[in-house]
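Each remark here refers to the structure printed beneath this line.
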Amino acid sequence: MADAARAARLADRIKVVVAQALERRVKDPRLGFVTITDARVTNDLQHATLYYTVFGTAEEQESTRAALESAKGVLRSEVSRNITARLTPTLTFVPDEIPVNASHLEEVLRAAKEKDAEVAAQAASATWAAGEDPYRRPAEEDDESSPSR
């Protein structure tokens, strides 16, 4: 078992090597505007998961996924040449969902801001239901508690 720090360093190196190999070595026309956003390696250094994003339509994203799967062997051999590990980890490509989640979160925050603005506008024109001071005072309680026979 390797330590987590070594796995993190190896993941960073694999991320750089794969990004450079995609730019220079892989000449697949299906490969779109792909960015390797993150890489994670298991502590035993056997498996590497690479997260990627693709700029484009759903069809372009699907063709890029297929191109990455077909170029997996070339990328793994490139990784093996550029790292100093006894074994070369297997590569798994996973689409990164962070941009999608971030845009959804921005939409939710925008809707909340609009709702806050509506509430603030309603509060500006609101009046008190029972006058400005709806609480009873001790002097008022004495007047009302005296018997009125």
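Quick note: the coordinates plus some simple rules give every number you see, no bench work behind them. Only a predicted model underlies this, so the values are computations on that prediction, with no experimental measurement involved. A quick note on method: Cβ atoms are made from the backbone with ideal geometry, for glycine too, and the neighbour counts reach across all protein chains shown.
Shape call for segment 1-89 from the C-alpha gyration tensor, a ≥ b ≥ c root eigenvalues: rounded (a/c under 1.5), prolate (a/b greater than b/c) or oblate?
Because a/c hits 1.5 or more and a/b exceeds b/c, segment 1-89 counts as prolate.
Could you pull out every residue, at least 5 positions away or on a different chain, whose amide H is within less than 5 Å of the one on A39? Hs are placed 1.01 Å off N in the peptide plane, and Pro or chain starts have none.
Y51
For segment 29-75, rounded, prolate or oblate, judged on the Cα gyration tensor with a ≥ b ≥ c (square roots of eigenvalues), a/c < 1.5 rounded, else prolate if a/b > b/c?
Taking the square roots of the gyration eigenvalues as a ≥ b ≥ c, segment 29-75 is prolate.
Could you pull the Cα extents of segment 44-107 along its three principal axes, largest to smallest, in whole Å?
Cα extents, longest axis first: 47, 24, 15 Å.
So how far apart, in nm, are the two label points at D3 and S80 if each is 7 Å from Cα heading toward Cβ?
Those two pseudo-labels are separated by 2.9 nm.
Once the Cα atoms of helix 4-24 and of the chain are each reduced to a long axis, what angle between those two axes, in degrees from 0 to 90 to the nearest 10, is obtained?
Taking the Cα atoms of the chain, the angle to 4-24 is about 70 degrees.
Amide H of T90 versus every other amide H placed in the peptide plane: which residues, excluding those fewer than 5 positions away on the same chain, fall under 5 Å?
Here H47, A48 satisfy the definition.
If you wrap a convex hull around the Cα atoms of the chain, how much volume per residue is inside, in Å³?
237 Å³
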